[in-house]
Amino acid sequence: MIVTETERLVIREMEVGDAVPLHALLTDADFLRNIGHRGVDTVAEAEAAIVERYRPAYARHGDGMWAVVERGSGAWVGMAGLVRRPGIDHPDIGFALLPAGRGKGYAREAAGAVSAWATARGIAPVVAIVNPENAASRAVLAGLGLVPDRPIRLPGGDADVLLYVPVTPEG
Ligand SMILES: CC(C)(COP(=O)(O)OP(=O)(O)OC[C@H]1O[C@@H](n2cnc3c(N)ncnc32)[C@H](O)[C@@H]1OP(=O)(O)O)[C@@H](O)C(=O)NCCC(=O)NCCS
């Protein structure tokens, strides 16, 4: 199911057929460094994550992490969406691209569409967490009108992450 579209991208629900590119993303070196290991090392585990984690979130919350594909070619470029996690009171915006999709403004475009989608549904505030050393991600978050608030430690985390919040918090 399509969630939202931009000039160059389609954001749609993750499907079982996305297991191969999802596995590539979840085992990518930059993903592991900036976000962390998500318990997926094989394509079969990626498929299980789609069935047991990603898709159930859509049913439970009406949102979650979605697939980002190129309009036209349909090529899978990454994922973006909303995450609800222990230790954070509000949904946070997440995005991650395969290396081939980076440096084209896709993260900015996809994150902007997710943010607009949430705003249109009255989901506010939407916050974000980031590895403080992740300059590209911080640039994307600044473009969404989010500003650094404070370092936080997520339950089970082994390092602080930086919490970003809207310039004028709502809700
Ligand atoms: C973070 C990530 C999504 C950014 O994707 P991207 O496609 O390169 O981002 P964009 O092309 O939209 O560029 C975003 C901005 O970051 C800037 N940027 C890109 N790489 C950068 C770097 N290494 N250092 C500083 N700024 C950088 C770009 O110039 C751009 O700013 P501008 O529009 O003002 O020029 C991508 O690198 C990625 O998936 N990394 C691994 C997973 C990850 O870190 N996800 C984010 C977790 S919060």
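The values are calculated or read from the model by the stated rules, or taken from the named source; none is laboratory data. Given the structure is predicted, the values throughout are model-derived calculations rather than measurements. Please note: Cβ atoms are built from the backbone with ideal geometry, for glycine as well, and neighbour counts cover all protein chains shown. Side chains included, ligands, DNA and RNA excluded: accessible areas come from the protein's heavy atoms. Shrake-Rupley method; radii C 1.70, N 1.55, O 1.52, S 1.80 Å.
Show the residue pairs meeting these rules: Cβ distance below 7 Å; 6+ apart or different chains; first residue within segment 138-150 and part of a strand (DSSP E or B); second residue open to solvent by 50 Å² or more (accessible area, probe 1.4 Å) and more than 14 Å from the ligand (Cβ to nearest atom).
147/167
Tell me which of these residue 97 doesn't satisfy, since it passes every other one: (1) of a type outside the set (Asp, Glu); (2) near the ligand (Cβ under 6 Å from one of its atoms); (3) closer than 17 Å to residue 65 by Cβ; (4) surrounded by fewer than 21 Cβ atoms within 10 Å (Cβ to Cβ).
All conditions are met except number (4).
What's the total number of residues in segment 134-165 that are open to solvent by less than 40 Å² (accessible area, probe 1.4 Å) and over 17 Å from the mean Cα position of the chain (by Cα)?
Final tally of qualifying residues: 2.
Just checking, which of 167, 69, 77 is farther than 19 Å from residue 14 by Cβ and among the β-branched types (Val, Ile, Thr)?
Within the list 167, 69, 77, the selection yields 167.
Return the residues of segment 115-133 that are open to solvent by 30 Å² or more (accessible area, probe 1.4 Å), closer than 28 Å to residue 5 by Cβ and within 15 Å of the ligand (Cβ to nearest atom); say none if nothing qualifies.
Those that are open to solvent by 30 Å² or more (accessible area, probe 1.4 Å), closer than 28 Å to residue 5 by Cβ and within 15 Å of the ligand (Cβ to nearest atom): 115, 129.
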